[in-house]
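The values are calculated or read from the model by the stated rules, or taken from the named source; none is laboratory data. Since we're looking at a predicted model, the values are computed, not measured. Using ideal geometry, Cβ is built from the backbone for each residue, glycine included, and neighbour counts are taken over all protein chains shown. Areas reflect the complete protein model, heavy atoms only, side chains present, ligands, DNA and RNA absent. Shrake-Rupley method; radii C 1.70, N 1.55, O 1.52, S 1.80 Å.
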Amino acid sequence: MSGLLLRLAGPLQSWGERSAFTPVRDTAPFPTRSALIGMFAAAEGIARGQSLDRYRDLRLTVRVDRPGVRLVDYHTVGGGFPKDRTAATSGGSNKGAAVITRRHYLSDAVFVVAVTAPDESIERLADALSRPHWAPYLGRRSCVPDEPFLLRRHVDDPEEELRTRVPLSRTPPPATPSDEPQPDTLTVPFLLEQPPPSTPTHPAPVDTIDINDVPVSFAQHHRSHTGRRLHRTHIPLPRSLAGPPHTLMQRLIDYAHLEDSA
């Protein structure tokens, strides 16, 4: 078993959790398993009706560097046109009026995802994400990811990398007065598919989340999902992983290039 690391950052992200083609298009507060599996399948050129069994053994761990700010977009399509130029229906006709939706996004969010799987799966995924068949996006096609996107193609323990080495996309809190000791750690939210070990330095989960985001099929008219349990906790990370915003890109590049120099 080994893994790879993805950094999901951009002006906007949207990780639809419950809605499909409804007036309100929601977003989960973190990348869903369905969205990530869809990203991997698109990168590998897997069509919508094909089996997703190859992704069953992937373990996903999400570090929340910045949760972002929720933004709602009032969105219209097809208003002010003759019926034959309005939005199409699934029955082959046209709606005849504007389609109004309210689309939810996360603005300025940053997540780092550790993907753990057998070595051959990681190698296959890393190749696909480096040269994707269909370009990755952050939940919706309009949400383009920032670089660096694929932080590391291969690491022995990606979850340990999240806890100890991957630069944090946040600014450390202001320094305390000089006569007080500076804290050595920053507490960061994590979402894990397995319960974290309960130790003095690694607290028990704050709560658990049951979410219906495990894709069974992406077939256009037969999409289906099943559920999983997530463990949400806060883990203290070395303060040295954070830094001023103007140094972030260089710190990320330096970290990504460690693989090239290894």
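Here are some notes:
- Residues in the range 52-91 that are exposed (fewer than 10 other Cβ atoms within 10 Å of the Cβ) and in a loop (DSSP other than H, G, I, E, B) were compared, and the one that is nearest to the chain's Cα centre (by Cα) is Ser90.
- For the criterion of being outside any strand (DSSP E or B) and either surrounded by fewer than 19 Cβ atoms within 10 Å (Cβ to Cβ) or among the aromatic types (Phe, Trp, Tyr) (or both), Ala41 fails.
- Hits in the range 205-222 - residues which are open to solvent by less than 30 Å² (accessible area, probe 1.4 Å) and over 20 Å from the mean Cα position of the chain (by Cα): Ala219
- Within the range 1-17, residues that are assigned to a strand (DSSP E or B) reach partners that are open to solvent by 10 Å² or more (accessible area, probe 1.4 Å) and of a type in the set (Asp, Glu) with beta carbons closer than 6 Å, at six or more positions or on different chains, in the pairs Ser2/Asp119; Ser2/Asp156; Ala9/Asp146.
- Note on the range 1-32: residues that are surrounded by 20 or more Cβ atoms within 10 Å (Cβ to Cβ), within 24 Å of Glu147 (Cβ to Cβ) and touching a strand residue (DSSP E or B) at 6+ places or on another chain (Cβ under 7 Å) total 14.
- Phe30 fulfils the conditions (1) assigned to a loop (DSSP other than H, G, I, E, B); (2) touching a His at 6+ places or on another chain (Cβ under 7 Å); (3) at pLDDT 95 or above except for a single criterion, (2).
- Selection of first residues in the range 134-153 that are assigned to a loop (DSSP other than H, G, I, E, B) and open to solvent by 30 Å² or more (accessible area, probe 1.4 Å) and of second residues that are acidic (Asp, Glu) and at pLDDT below 95, restricted to Cβ pairs under 6 Å at least 6 apart or on distinct chains, gives an empty result.
- Residue match in the range 92-115 (condition: open to solvent by 10 Å² or more (accessible area, probe 1.4 Å), in a strand (DSSP E or B), in contact with a helix residue (DSSP H, G or I) (Cβ under 6 Å, 6 or more places away or on another chain) and over 30 Å from Ser2 (Cβ atoms)): yes
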